[in-house]
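Structure first, then comments.
The values are calculated or read from the model by the stated rules, or taken from the named source; none is laboratory data. Fair warning: this is a prediction, and the values are worked out from it, not measured in the lab. A quick note on method: Cβ atoms are made from the backbone with ideal geometry, for glycine too, and the neighbour counts reach across all protein chains shown.
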Amino acid sequence: VKISGLFSKNEDQLHTFPRPIKAVCLDPNFSKSKQYITGDTTLILNERGTFRHKETKLIDFQGGLIHTLRWKETLIAAANDKGVGVYDLRARRLVGFLESTDTNTDVPRGIFPSRISWNDSTTLVIA
């Protein structure tokens with residue numbers, strides 16, 4: 001994962017992971033926090049420290065690969081083939097998980113993945 005600063009090379013970050021990363025999302029306050037999240041089957045908080053890179057495993061999504069991440073304030077929404085989960089960073093726990101209600105068995109779930117977007121700090125839109 002490479003993050004490049006727009007106006008300064010001081011913001012550049014390069015991290016190599018031992019697994020394929022399917023989704024990346026920057027903290028809404030990235031310029032101050034230097035935090036971002038990555039997702040494969042696990043949601044991981046990544047931070048740039050003074051001397052090294054720090055990874056914190058937040059939660060393991062047993063439903064498959066996370067393909068979409070959205071971050072709003074302290075809430076992180078993550079979508080995979082099984083559904084959409086919301087994780088609260090402040091409480092350090094999964095707030096809820098909405099399972100996919102895919103009734104069409106002719107089309108594999110991965111072809112039409114869930115789309116998610118925060119409408120405001122308390123409303124998550126799922127399509």
**Item:** Residues of the stretch 25-80 that turn out to be part of a loop (DSSP other than H, G, I, E, B) and touching a residue at least 40 places away in the same chain (Cβ under 8 Å), as a count
**Value:** 4
**Item:** Failed condition for Gly64, given (1) small (Gly, Ala, Ser); (2) on the phi < 0 side of the Ramachandran plot; (3) modelled with pLDDT under 85
**Value:** (2)
**Prompt:** If you check Phe51, Phe30, Phe7, which single one turns out to be more than 20 Å from Leu124 (Cα to Cα), at pLDDT 80 or above and hydrophobic (A, V, I, L, M, F, W, C)?
**Reply:** Phe30
**Fill in**
Restricting attention to the stretch 85-127, the residues that are at pLDDT 80 or above, polar (S, T, N, Q) and part of a loop (DSSP other than H, G, I, E, B) number exactly 6
**Message:** Based on this model, can you work out whether Lys72 counts as at pLDDT below 90 and either within 23 Å of Ala127 (Cβ to Cβ) or in contact with a Lys or Arg (Cβ under 6 Å, 6 or more places away or on another chain) (or both)?
**Reply:** no
